[in-house]
Amino acid sequence: MTGSEIRQRFLDFFEQRGHKVVHSSPLLPANDPTLLFTNAGMNQFKDVFLGNEKRDYTRAVSSQKCIRAGGKHNDLDEVGKTARHHTFFEMLGNFSFGDYFKEDAIKFAWQFLVDDLGLEVNRLWFSVFEGDEEVGPDDEARELWIKAGAAPDRVLGFGRKDNFWQMGDTGPCGPCSEIHYYMGDDPDDPSKNSPEWVNGPGDTTMEIWNLVFMQYNRIALDEGGFLLEPLPAPSVDTGMGLERITAVMQKVKNNYDTDLLRPLVEFTADRAEIR
Ligand code: SER
């Protein structure tokens, strides 16, 4: 399957489930002084999550062009060191604006990856927010993954750094649940396809999709510090790296070896006459 076919398959899957297909917004956000570059699919829906803007749909799907080269989500220092970072990428995302919440978000993700794309279940890992002093543990997400079909020992808890998503210092945010994929050659070897590689070093296991359960607006207080204010309606914001899921589907170990990026590398190498 080509990267373009995977993108279309994602858009079709969610369109068939009542989502409005929305174009990628520009890389330079139109109305958001908190952002230099668009860094996530949810950016163009920020005001919808906050309840400041209404659209004539409550479900959306997009493939958003993103740059993560500064600010809160900065991948620049990882480029060239990992097989999965490249500052510019496309983020496949489905969104619910006060419509469905955790149960359907998790069910859709399982159906797309396992039933539609046919990924091997024994390569998948799931992470959930384990809670801290401000927000409690997301036991519900853990149960929902198990209900969807995950083995309980493949659902792992992590803290705020990995499992609480916010677009910046302020704005919509909430606990999140990620899907990670074991990229190695020995899925049946429990010493290799093992939990310590999830959010661990290297590319053995790679995050492919993040499901954010938008529940709060993080606001800056005049007296200093921040406050989490509940959103008008619990919502969903997901993001899957198109180049990452393409690497998985094309069984290559490096995003630069997918059909989305390899031709650019070849073209540049030819022009630079370095081959
Ligand atoms: N906003 C979340 C992220 O960027 C999910 O799309 O990971």
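The values are calculated or read from the model by the stated rules, or taken from the named source; none is laboratory data. Computed from a predicted structure; not experimentally measured. Cβ: placed from backbone, ideal geometry, glycine included. Neighbour counts: every protein chain shown. Side chains included, ligands, DNA and RNA excluded: accessible areas come from the protein's heavy atoms. Shrake-Rupley method; radii C 1.70, N 1.55, O 1.52, S 1.80 Å.
Take region 218-250 and flag every residue that is more than 16 Å from the ligand (Cβ to nearest atom) and of a type in the set (G, A, S). Spell out how you get there, then give the answer.
Here is the first cut: in region 218-250, the residues more than 16 Å from the ligand (Cβ to nearest atom) are 219-230, 232-233, 246-250.
Correct list: A220, G224, G225, A233, A247.
Do we find a residue being under 16 Å from the mean Cα position of the chain (by Cα), modelled with pLDDT under 95 and surrounded by fewer than 16 Cβ atoms within 10 Å (Cβ to Cβ) anywhere in region 125-139? Before you say what the answer is, go through the steps one by one.
Within region 125-139, the first condition is being under 16 Å from the mean Cα position of the chain (by Cα), and the residues that meet it are 125-129.
Narrowing further to those that are modelled with pLDDT under 95: none.
The answer is no; no qualifying residue exists.
If you go through region 170-186 one residue at a time, how many are more than 15 Å from the ligand (Cβ to nearest atom) and either closer than 16 Å to F126 by Cβ or in contact with a Ser or Thr (Cβ under 8 Å, 6 or more places away or on another chain) (or both)?
First, pick out the residues of region 170-186 that are more than 15 Å from the ligand (Cβ to nearest atom): 181-186.
Still in the running and either closer than 16 Å to F126 by Cβ or in contact with a Ser or Thr (Cβ under 8 Å, 6 or more places away or on another chain) (or both): 181-184.
Of the residues in region 170-186, 4 are more than 15 Å from the ligand (Cβ to nearest atom) and either closer than 16 Å to F126 by Cβ or in contact with a Ser or Thr (Cβ under 8 Å, 6 or more places away or on another chain) (or both).
Is it the case, given these coordinates, that V265 is of a type in the set (V, I, T), within 16 Å of the ligand (Cβ to nearest atom) and touching a Phe, Trp or Tyr at 6+ places or on another chain (Cβ under 7 Å)?
On the way: of a type in the set (V, I, T): yes; within 16 Å of the ligand (Cβ to nearest atom): no; touching a Phe, Trp or Tyr at 6+ places or on another chain (Cβ under 7 Å): yes.
Judged against the criteria, V265 is not a match.
For region 77-113, which positions are in a loop (DSSP other than H, G, I, E, B) and among the hydroxyl-bearing types (S, T, Y)?
T82, T87, Y100
Just a yes or no: is a residue in region 31-40 of a type in the set (S, T, Y), in a loop (DSSP other than H, G, I, E, B) and either without any contact (Cβ under 8 Å) to a residue 40 or more places away in the chain or more than 25 Å from H73 (Cα to Cα) (or both)? If you could, list the steps in order and put the result at the bottom.
Quick first cut of region 31-40, residues of a type in the set (S, T, Y) only: 34, 38.
So of that shortlist, the ones also in a loop (DSSP other than H, G, I, E, B) come out as 34, 38.
Still in the running and either without any contact (Cβ under 8 Å) to a residue 40 or more places away in the chain or more than 25 Å from H73 (Cα to Cα) (or both): 38.
Within region 31-40 (the criterion being of a type in the set (S, T, Y), in a loop (DSSP other than H, G, I, E, B) and either without any contact (Cβ under 8 Å) to a residue 40 or more places away in the chain or more than 25 Å from H73 (Cα to Cα) (or both)), the answer is yes, since at least one residue qualifies.
Among the residues of region 4-21, is any in a helix (DSSP H, G or I), basic (K, R), open to solvent by 80 Å² or more (accessible area, probe 1.4 Å) and farther than 24 Å from H73 by Cα?
The first filter runs over region 4-21 and keeps only residues in a helix (DSSP H, G or I), leaving 4-15.
Among the residues that remain, those that are also basic (K, R) are: 7, 9.
From the residues that got through so far, the ones that are open to solvent by 80 Å² or more (accessible area, probe 1.4 Å) too are 9.
Next cut, farther than 24 Å from H73 by Cα only: 9.
Scanning region 4-21 turns up at least one residue that is in a helix (DSSP H, G or I), basic (K, R), open to solvent by 80 Å² or more (accessible area, probe 1.4 Å) and farther than 24 Å from H73 by Cα.
Only one residue in V114, V79 is open to solvent by 20 Å² or more (accessible area, probe 1.4 Å) and free of Cβ contacts under 8 Å to residues at least 12 places away in the same chain, so which one is that?
Details: V114 fails: free of Cβ contacts under 8 Å to residues at least 12 places away in the same chain.
When all the criteria are applied, what remains is V79.
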